[in-house]
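Structure record follows, encoded as structure tokens.
Each reported figure results from applying straightforward, stated rules to the coordinates on display, with no laboratory input. All figures in this text were calculated on a predicted structure; none of them were measured in a lab. Cβ: placed from backbone, ideal geometry, glycine included. Neighbour counts: every protein chain shown.
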Amino acid sequence: MLRGRRMAFDYGDARIGVAVCDPDAILATPVTTLKSKDVDLWDQIMALVDEYEPIHIYVGSPRHLSGESSISMQKAEDFKEEIATRTKIACSMIDERLSTVSAAKQLKDSGMNSRESKSAIDQAAAVAILEQAIAIEKRISLNEKE
């Protein structure tokens, strides 16, 4: 597996959770939550990309539980295309079904109420997306060695 940081975005109409991993792709950590409608959104995203210098960017693909496409999925794909165009970094979609639900449950179980946890949920969902992407990369890398 190629050494270098990876970055993930959990895109939503209101907020975008951001996560990043270490250069050895061992630990994914939450970074921030951005406001989707912020006039400086792309400046903020480019600043994060400049700071963390990812070798790959992942965006959550919000499919329905059935696997069918959703309106949100098209918005997320458009977001991914815009990031790829602006950064010139490889970008991929990662199935994020249940990532937000799982993140919300974990935060609720830790004692956080829903009002104070909205941005934390978005960041935790981005971490889940990144962890899944790293697991996929590692499986592919192992299969290539065999």
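Here's how it looks for Ala25: its modeled amide H is under 5 Å from those of Gly4, which are all 5 or more places away or on a different chain. For region 133-143, putting each phi into the Karplus relation 6.51 cos²θ - 1.76 cosθ + 1.60 with θ = phi - 60° gives couplings of 4, 5, 4, 5, 4, 5, 4, 4, 4, 5, 5 Hz, in residue order, rounded to whole numbers and with x for Gly and Pro. Scanning residues 5 or more positions from Cys91 or on other chains, those with amide H under 5 Å from its amide H are Ile57, with H placed 1.01 Å from N in the peptide plane. Rounded to the nearest Hz, the phi-derived 3J(HN,Hα) couplings of region 74-81 under the Karplus curve 6.51 cos²θ - 1.76 cosθ + 1.60 (θ = phi - 60°) are 5, 5, 5, 5, 4, 4, 4, 4, where x marks glycine and proline. Place a point 7 Å from the Cα of Ser36 along the Cα-to-Cβ direction; which residues of region 1-17 have their backbone N under 13 Å from it? Under cut-off, by backbone N: 10-17.
Ranked by the mean number of other Cβ atoms within 10 Å of their residues, highest first, the peptides 29-38, 53-62, 15-24 fall in the order 53-62, 15-24, 29-38.
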